[in-house]
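A.B. asks: Pasting a structure here, questions to come.
Nothing in this text is a laboratory measurement; each read-out follows from the coordinates by a stated rule. Here the structure is a predicted model, which is why all the values come from computation and not from measurement. For neighbour counting, all protein chains shown are included, and Cβ atoms are generated from backbone atoms with ideal geometry for every residue, glycine included.
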Amino acid sequence: MKQLFFAMMLGILLSQSIAAQTNASVDEVIKSSFGGVSAVEPKQLILTQEQFSQVQNRAKTALRTKVYRYYDIRGEAKRLGVAVLIAREVRSKKATVLYAFEPNGTLRFTEIMAFGEPPEYIPGKAWMSQLQNKETSALLTVGKDIPTVSGSTLSARSVTEGARIARAIYEIVLKQ
């Protein structure tokens, strides 16, 4: 009986974790949001100590790594944008979010790619859409210019802090 109970609990935990993963690839998400994409080039970035300090100061949140994955989004003749992948701990598990920027620095979209916490803590599409088309001057602070999410405050805070980090990385290192 105990074995059956533990097997059921393990199944429930695994199904919650799996349910919180997205099935879309980074390429699919980017191509559905940018028109005329001819290439999505994955790249890795290692921040120097100076860049690390600058990003942390501009984002107004602690960084836990100097290594980031980003994607150069190209059309036939020009760069269409850049997407930065940020993984942050929400409560005890990580959430990985893709933040895409237009060449002028405007945050084009935010997409949750993986979410290790229970699915009920994932911020909804309506809340996530508030981050779209944000200018570089937007504060991106939960409770100030971004409303809180009842029951998902830590998730909302993690997503907005990630947006500030991604924007700082874009402005300091990736902007051309």
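A.B. asks: Quick check: residue separation of S25 and Q176 times 0.36 nm, minus the Cα distance between them. What number comes out in nm?
C.D. replies: Values: separation 151, 0.36 × 151 = 54.36 nm, distance 2.56 nm.
Fully extending the segment from S25 to Q176 adds 51.8 nm.
A.B. asks: Give me the net charge for the shell around V37: Cβ to Cβ below 10 angstrom, other residues only, Lys and Arg +1, Asp and Glu -1.
C.D. replies: Values: positive: K31, R74; negative: D27, E76.
Within the 10 Å Cβ shell, the charges total 0.
A.B. asks: Kindly put T61, T48 in sequence by how many other C-beta atoms sit within 10 Å of each C-beta, fewest to most. Present the calculation step by step, with values, prior to reporting the outcome.
C.D. replies: Details: T61 18, T48 10.
By the 10 Å Cβ count, ascending, the order reads T48, T61.
A.B. asks: Longer than 21 Å from Cα to Cα, which of K66/K93; K43/K78; K31/K94; K60/K125; K94/K134 are they? Say none if no pair is.
C.D. replies: Details: K66/K93 19 Å; K43/K78 17 Å; K31/K94 25 Å; K60/K125 25 Å; K94/K134 24 Å.
Beyond 21 Å between Cα atoms: K31/K94; K60/K125; K94/K134.
A.B. asks: Within 9 Å, Cβ to Cβ, of R167, how many net charges do the neighbouring residues add up to if Lys/Arg are +1 and Asp/Glu are -1?
C.D. replies: Numbers: positive: R58, K134, R164; negative: E171.
Residues close to R167 contribute a combined charge of +2.
A.B. asks: Test of understanding: ordering E102, E161, E28 by Cβ neighbours within 10 Å, fewest first, what list do you get? It would help to have the intermediate numbers written out before the result.
C.D. replies: Working: E102 17, E161 20, E28 13.
Going from sparsest to densest Cβ surroundings: E28, E102, E161.
A.B. asks: Kindly put T153, T96 in sequence by how many other C-beta atoms sit within 10 Å of each C-beta, fewest to most.
C.D. replies: T153, T96
A.B. asks: Where Lys and Arg each count +1 and Asp and Glu each count -1, what net charge lies around E89 among other residues with Cβ under 13 Å from its Cβ? Could the numbers behind the result be given before it?
C.D. replies: Working: positive: R64, R88, R91, K93, K94, R157; negative: E117, E161.
Local charge sum for E89: +4.
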